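Novice: One structure is given below, represented as structure tokens, and several questions about it will come after.
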Amino acid sequence: MHPPPTGDTLALALAQIRVEATEIDANVERALEAITRAASRGADLVALPELFNVGYFAFDSYERHAEPFEGETFSRIRAAAAEHDIAVLAGSIVEDLAATDSVATPAEAGLANTAALFDATGELQLVYRKHHLFGYQSAEAELLVPGERVETTTVGGVTVGATTCYDLRFPELYRELIDAGAELVLVPSAWPYPRIEHWQTLSRARAIENQCFVATINGSGRFESADATLLGRSTVYDPWGTTLASSGDEPSLVLAEIDLGSLERVREEFPALRDRRL
């Protein structure tokens, strides 16, 4: 066990794991190993990538590998959170909405791209289903039901929200999170080459315009069937848009301190949020 965060800081880890299409057992084992490693490095919160168990581009397998919210993947992640005394954002899975019975769903049936945040005791604190479904060279928009809920929770004194990948292109969603008090937004993703500039520019813009921390958690790996390669580059941006920590495209653990004092200073010295008219 590691000591709780002191003051207004949070030790954050981004687990950029290798994700192989449909290799559920191997992918989840990598996620569990990353959780263990993050806890051993003193992290209070670790975040996993989008669809870390099945692989985003494995569209043909979504229905076959969909799970209820109470299914094996989330159950193993929440058990690991409790075992290692660390909060975990379980990037996302393909959720079978009809089979879920423990949390509210946006539809009675269908599939959703669903993330969950478990605290250091394994208790559920936040559910986020991807709002904006990608249609460009992707089957996601045809296969999934969009989410409706926008939630925040508190981890180590920091108010945390979540969005997913393509959501980065829709700034109004982030305004909603800021209005709900978010100070850190976690963005599990499966962002591929060649759109590196978009990945970095949009993420930094969301941090700057909302004067909050934004942490983007990408996977690593290639999906042969879709000719897609994840570009990695998981990054933590501070409220000024400065990169605090980042990775390349190989599997890695990105570590950064979330300091609420710096957020408060930025918002006080450059009060752009107070000047909003919309």
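The values are calculated or read from the model by the stated rules, or taken from the named source; none is laboratory data. The structure displayed is predicted, hence computed values, not measured ones. Cβ coordinates were reconstructed from backbone atoms using ideal geometry, including for glycine residues, and neighbour counts include every protein chain displayed. Heads up: the accessible areas ignore ligands, DNA and RNA and are worked out on the full protein's heavy atoms, side chains in. Shrake-Rupley method; radii C 1.70, N 1.55, O 1.52, S 1.80 Å.
Novice: Quickly run through segment 175-193 and pick out the residues that are free of Cβ contacts under 8 Å to residues at least 40 places away in the same chain and of a type in the set (Ser, Thr, Tyr).
Specialist: Residue satisfying the conditions is 193 alone.
Novice: Then there is this: Filter segment 64-98 for residues that are open to solvent by 40 Å² or more (accessible area, probe 1.4 Å), of a type in the set (Gly, Ala, Ser) and over 21 Å from residue 108 (Cα atoms) and give the result.
Specialist: 75, 79, 82
Novice: All but one of (1) out of contact with any strand residue (DSSP E or B) (no Cβ under 7 Å at 6 or more places or on another chain); (2) among the β-branched types (Val, Ile, Thr); (3) surrounded by fewer than 18 Cβ atoms within 10 Å (Cβ to Cβ) hold for residue 105; state the number of the condition that does not hold.
Specialist: The single condition residue 105 does not satisfy is (3).
Novice: What single numbered condition from (1) touching a residue at least 40 places away in the same chain (Cβ under 8 Å); (2) on the phi < 0 side of the Ramachandran plot fails to hold for residue 22?
Specialist: Only one criterion in (1) touching a residue at least 40 places away in the same chain (Cβ under 8 Å); (2) on the phi < 0 side of the Ramachandran plot is unmet by residue 22, namely (2).
Novice: Now a separate question. So, residue 96, is that one under 30 Å from residue 139 (Cβ atoms), free of Cβ contacts under 8 Å to residues at least 12 places away in the same chain and among the charged types (D, E, K, R) or not?
Specialist: Spelling it out, it is not the case that residue 96 is under 30 Å from residue 139 (Cβ atoms), free of Cβ contacts under 8 Å to residues at least 12 places away in the same chain and among the charged types (D, E, K, R).
Novice: Check segment 54-77 and report whether any residue there is of a type in the set (Phe, Trp, Tyr), touching a Gly at 6+ places or on another chain (Cβ under 7 Å) and modelled with pLDDT of 95 or more.
Specialist: no
Novice: Collect the residues in segment 160-190 that are among the hydrophobic types (A, V, I, L, M, F, W, C), open to solvent by less than 10 Å² (accessible area, probe 1.4 Å) and assigned to a loop (DSSP other than H, G, I, E, B), keeping them in residue-number order.
Specialist: 182, 190
Novice: Considering only segment 57-149, give the helices (runs of 4 or more DSSP H) lying wholly within it that have at least 2 residues that are within 15 Å of the chain's Cα centre (by Cα) and not small (Gly, Ala, Ser).
Specialist: Per the criteria, 72-84.
Novice: Every residue in segment 220-235 that is modelled with pLDDT of 95 or more and in contact with a helix residue (DSSP H, G or I) (Cβ under 9 Å, 6 or more places away or on another chain), please.
Specialist: Matches in segment 220-235: 231, 233, 235.
Novice: Residues in segment 140-157 that are under 18 Å from residue 107 (Cβ atoms) and touching a residue at least 40 places away in the same chain (Cβ under 8 Å): how many?
Specialist: Result for segment 140-157: 8.
Novice: Residues in segment 200-232 that are assigned to a loop (DSSP other than H, G, I, E, B) and open to solvent by less than 10 Å² (accessible area, probe 1.4 Å): how many?
Specialist: The number of residues fulfilling the criteria is 5.
Novice: Would segment 238-248 turn up any residue that is among the β-branched types (Val, Ile, Thr), open to solvent by less than 20 Å² (accessible area, probe 1.4 Å) and under 25 Å from residue 193 (Cα atoms)?
Specialist: No, there is no match, as no residue in segment 238-248 is among the β-branched types (Val, Ile, Thr), open to solvent by less than 20 Å² (accessible area, probe 1.4 Å) and under 25 Å from residue 193 (Cα atoms).
Novice: Also, I was wondering about something else. Which residues, taken from segment 38-95, are among the charged types (D, E, K, R) and in contact with a strand residue (DSSP E or B) (Cβ under 9 Å, 6 or more places away or on another chain)?
Specialist: 41, 44, 50, 63, 67, 78, 95
Novice: Can we say residue 278 is in a helix (DSSP H, G or I) and over 30 Å from residue 33 (Cα atoms)?
Specialist: No; evaluated as a whole, the condition is false for this residue.
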